[in-house]
Amino acid sequence: MIAAVEKLIVVGPKRLAKELLAELQRAGVVHIDPLRPEELGEYRLDAGEEAELRRWDSVASQAEGALSVMGREAVPSAKPFAGSLEEADASVKPLSSRAEALGKERAALEEEIQAAGLFGKAAEKLAGLAQGLDTSPRLAVIPFLLSKAEELGPVRDALQQALPDRFELDSDALDNQVAAVVVVKRSDLETARSTLSRLGLAELRFPGPFATLSLSQAAARMRERTRLAPEELAGIREELGKLASTSTESLQSLWTRAKDESARYKATTDLAAGKYGMALMGWVPQKAKTKVEEALTRLKGQIVYTFEPVDEHHEADQAPVTLENPGWAKPFELLHGFLNTPRYGGYDPTLMIAIFFPIFFGMIVGDIGMGILFGLAAWWLGNLSKAGKSLNIGFLGATLDPKTNGLISRVLWWMTFWAILWGFIFGEFFGTFAERLHIFYDPHHAEGAKGLIPILINRLDFERTSTLLIVLCLAFGIFQVLYAFIVKAYYAWKHHSQLHLWEGVGYFAGLLGLVAFAYSFQTGKLGAITTPILIVGLIVFALGVVLARSPLMIAELPGKGGQILSYIRIYAVGVAGAVLYDLANQVGFGLSHSLGFVGILIGLILGLVLVIFIIAVTILGHVLQPIRLLWIEFATNFGFFEESGRPYRPFKSVRGDQSS
């Protein structure tokens, strides 16, 4: 649910601005907004304060740069640097300078080693071909590489045409290439280069410290650096490791203090100020008011402050939104938070997602083996989070921080629970593997009525169970789509929006009537009850169309009914996966029955390969299909994407909750 917030107004002497911000930063719960009344101007930093801001930013930048060179992250320290700005400057500069110098040496050595590794053999071959002629004052040597020897003929012909009998071309094999040199008079150098360029060939130039050396000098230097540079690099890395062990804590302490100081200076620009006074406006969750009051009591008698309730009708677009959900449901905020922030005073879908996403996922997967795999993923991510490690997903170009890893782990545990629970109901362990081993058995099948655990609902027995499972999926759809319109109507009534109120009421009544009609039509039962529901529903729907001033509702009503039918995908996607697993088991067990012991080995290997393939092609759909139902069929119908709120961004230390 969306947490209630209140507006905070603070007024006091201008000289206390930084002290006030320090207290609010320590409290860490006030979302500060720019205050621009007509009577007061913007708080502006004077020249001295701007200089201090730049120096604190420099301290933070130097500390972060030094940590980066040492392979450490700039993470908040539990004990921020307690000294003055001058002391911070004096502390960070020697550490930063030393790390920078070592970093440059390391980069130079790594460049040398890389260049020697890439061009060492080529330099040896080319130096042998040039025979020192590249040091001649009258001759010039152009080294280049070819992909195959057959290309030498066209090169020789082109050079002969451009420089008749005024060049020498020599070559030698080099791994999968051909090393070649052209020797010409210095006066013909540009002509030779342009001739090679027209053939798509470029002069080979060595990088970095080898760029200005002759071929023989470069080859000798590369041999030397290949031998000595790795040892020198190891020494530099050892020095960086020692520097990291002795200075990481100090640098993180300096970075933490500098970032907090910088944030306070920058936050002053959100204040309004006159010649002697200043004013601040912010937003505070009601449950966090006591923290603010405790912080402001330290300035008691010097400032005046007040809390005001938020007017949802006029200030809902200004009030920041923070969600307040039970601990078990909070991780599921991830599944909609990146799409949109609900408007203040609106509906938070977290609980609906937290309840139904794992259930839908579990019903689709419905497999104990798959559930165990998701459990292993949850355990692994949880351990990463506890160890404070991030997860880099290279192919997505994304990095998950430790906190996010922990939240995803908790979501995965719920998915694991429901996948295993539905797996027991369906009697599936990587499909029918456990059933074929007589761990599960279907009591409705005479030939298979032996085993340890009876299958409650065999979803592969289409004739007997498909109707039950489809009806269950439709029941989910009926509930969620109708509930979405109840939500839409309620919040429209709450916010005095008559058009949206009647749109929600109209769709709810029309769909309820269609559902009643469909039930009676399919079953031939309860016609005396469903017919009045249909009639009343259509009358209310027609009234809703008129009062909502939306004739398009008539065309869209069948589509809303189609959204209910869309929930059948829970059954369809799940049973498709179960069929694939069953086919894999048929192949594996078929081989074991026909080929004996050898067949068992082949069957296990082939079955495992097929199972891995099935997991690879179905896992994305198994995750996306249930969340899609909640994003599209449910969320769009109550207007989740129509209005956006402002995320709650409290002014706090980089240490987060540790600072309070």
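The values are calculated or read from the model by the stated rules, or taken from the named source; none is laboratory data. Just so we're clear, the structure is a prediction, and the values are computed from it rather than from any experiment. Positions of Cβ are generated from backbone atoms using ideal geometry, with glycine treated the same way; all protein chains shown enter the neighbour counts. Only protein heavy atoms, including side chains, enter the accessible area calculation; ligands, DNA and RNA are left aside. Shrake-Rupley method; radii C 1.70, N 1.55, O 1.52, S 1.80 Å.
Just a few scattered comments:
- Here Phe541 clears all of (1) surrounded by fewer than 20 Cβ atoms within 10 Å (Cβ to Cβ); (2) touching a helix residue (DSSP H, G or I) at 6+ places or on another chain (Cβ under 8 Å); (3) aromatic (Phe, Trp, Tyr) except the condition numbered (1).
Conditions tested, residue by residue: (1) under 37 Å from the mean Cα position of the chain (by Cα); (2) among the hydroxyl-bearing types (Ser, Thr, Tyr); (3) open to solvent by less than 50 Å² (accessible area, probe 1.4 Å); (4) modelled with pLDDT under 90.
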position	(1), (2), (3), (4)
Gly451	no, no, yes, yes
Leu474	yes, no, yes, no
Ala484	yes, no, yes, no
Val487	yes, no, yes, no
His500	yes, no, no, yes
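- Flag for Gly574 being farther than 30 Å from Gly345 by Cα, under 31 Å from the mean Cα position of the chain (by Cα) and crowded, with 20+ Cβ neighbours inside 10 Å: yes
- Qualifying residue in segment 239-259 (condition: open to solvent by 40 Å² or more (accessible area, probe 1.4 Å), in a helix (DSSP H, G or I), polar (S, T, N, Q) and closer than 30 Å to Leu21 by Cα): yes
- Of everything in segment 512-538 that is open to solvent by less than 40 Å² (accessible area, probe 1.4 Å) and either touching a Pro at 6+ places or on another chain (Cβ under 8 Å) or among the β-branched types (Val, Ile, Thr) (or both), the residue that is modelled with the highest pLDDT is Val515.
- Selection of first residues in segment 65-81 that are among the acidic types (Asp, Glu) and of second residues that are assigned to a loop (DSSP other than H, G, I, E, B), restricted to Cβ pairs under 9 Å at least 6 apart or on distinct chains, gives the following pairs, ordered by first then second residue: Glu73/Ser390.
Let's see how each residue does on (1) crowded, with 18+ Cβ neighbours inside 10 Å; (2) in contact with a Lys or Arg (Cβ under 7 Å, 6 or more places away or on another chain); (3) not in a helix (DSSP H, G or I):
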site	(1), (2), (3)
Phe81	yes, yes, yes
Lys93	no, no, no
Pro143	yes, no, yes
Asp165	no, no, yes
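- Residue count, segment 382-416 (criterion: part of a helix (DSSP H, G or I) and either more than 29 Å from Thr432 (Cα to Cα) or without any contact (Cβ under 8 Å) to a residue 12 or more places away in the chain (or both)): 15
- Entry remark, segment 285-329: residues being within 30 Å of Asn340 (Cα to Cα) and not in a helix (DSSP H, G or I) number 20 in total.
- Number of the condition not met by Ser550 [criteria: (1) in a helix (DSSP H, G or I); (2) farther than 26 Å from Phe462 by Cα; (3) at pLDDT below 90]: (1)
- Close pairs (8 angstrom Cβ cut-off, 6 or more residues apart or separate chains): on the phi > 0 side of the Ramachandran plot in segment 468-494, open to solvent by 70 Å² or more (accessible area, probe 1.4 Å) anywhere: none
- Taking each residue of segment 352-373 that is touching a residue at least 24 places away in the same chain (Cβ under 8 Å) and looking for partners that are outside any helix (DSSP H, G or I) with beta-carbon atoms closer than 6 Å, six or more apart or interchain, yields Ala354/Ala329; Gly366/Glu428; Asp367/Glu428; Ile368/Phe429; Gly369/Phe429; Gly369/Phe430.
- Arg193 being assigned to a helix (DSSP H, G or I) and more than 22 Å from Leu139 (Cα to Cα): no
- Counting the residues of segment 417-443 that are open to solvent by 10 Å² or more (accessible area, probe 1.4 Å), part of a helix (DSSP H, G or I) and closer than 23 Å to Gln625 by Cβ gives 7.
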